[in-house]
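A quick write-up on the structure given underneath.
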Amino acid sequence: MIDGELSRRDQLVRAAFALVAEAGLEGLRLRRVAAEVGIDQSTLHHHVATKAALVAAVAEHAAGLLATTAPPAHLPPAAALRAHLDALADLVARRPELFTVTAELDLRARRDPSVRAVVERQEAGWRAVLTGLFTALGEADPAARTELVIAAVKGVRLVPDLAPLVLAQLGATDRTG
């Protein structure tokens, strides 16, 4: 692979991600994913064995994109939380399709153990980081504050234009100002 060039599997995952953003998981068709990458559907299976494996790979890709908003470890807790909320608001504005895909994945996770495993792993890490920040900030109930942030982020997926306002309000109420 030439530096900067995506592997065929990565191309397929990104094509599937874009298709899920456009048509939902119900609209995900392997034939269309293969065509987007310029290969035959039978060749797709050399890179991704099943549709379920492709959906799980899309979930991993989405989790990786969300991980880019992780609170910076070098900042004090209040500033790290503010940076995280700002990064999430920015990501919603720049990549609204990511939040469409994660909403689809959250729904699929209720029925699909492989997607559930990816979503639960990503959320467990997120919960641990947020709970640590809220604990360091002296919150009376850090777990409840963590769930509030997660619920707010999941809620603004439905109305992305509200993300900056909602996440700024969350920041204003958690002593990060």
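General observations
- Flag not set for E147, criterion: surrounded by fewer than 17 Cβ atoms within 10 Å (Cβ to Cβ) and within 29 Å of L54 (Cβ to Cβ).
- Lone unmet requirement of (1) under 23 Å from A163 (Cα atoms); (2) surrounded by 14 or more Cβ atoms within 10 Å (Cβ to Cβ) for H45: (1)
Condition check ((1) of a type in the set (S, T, Y); (2) in a helix (DSSP H, G or I); (3) touching a residue at least 40 places away in the same chain (Cβ under 8 Å); (4) touching a strand residue (DSSP E or B) at 6+ places or on another chain (Cβ under 9 Å)) across all residues:
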site	(1), (2), (3), (4)
E97	no, yes, yes, no
T102	yes, yes, yes, no
V115	no, yes, yes, no
V118	no, yes, yes, no
A143	no, yes, no, no
V149	no, yes, yes, no
V153	no, yes, yes, no
D161	no, yes, no, no
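- Residue ID - surrounded by the fewest Cβ atoms within 10 Å (Cβ to Cβ), chosen from residues in region 10-35 that are more than 22 Å from A109 (Cβ to Cβ) and free of Cβ contacts under 8 Å to residues at least 12 places away in the same chain: R31
- The listed residues are V48, V58, V33, V20, and the only one of them that is under 24 Å from P113 (Cβ atoms) and touching a Phe, Trp or Tyr at 6+ places or on another chain (Cβ under 6 Å) turns out to be V58.
- Check on R111, over 17 Å from the mean Cα position of the chain (by Cα), closer than 30 Å to A52 by Cα and of a type in the set (D, E, K, R): yes
Computed from the coordinates by the stated procedures, all read-outs in this text should not be read as laboratory data. The model shown is predicted, which means the values in this text are computed figures rather than measured ones. We place every Cβ from the backbone using ideal geometry, glycine too, and count neighbours over all the protein chains shown.
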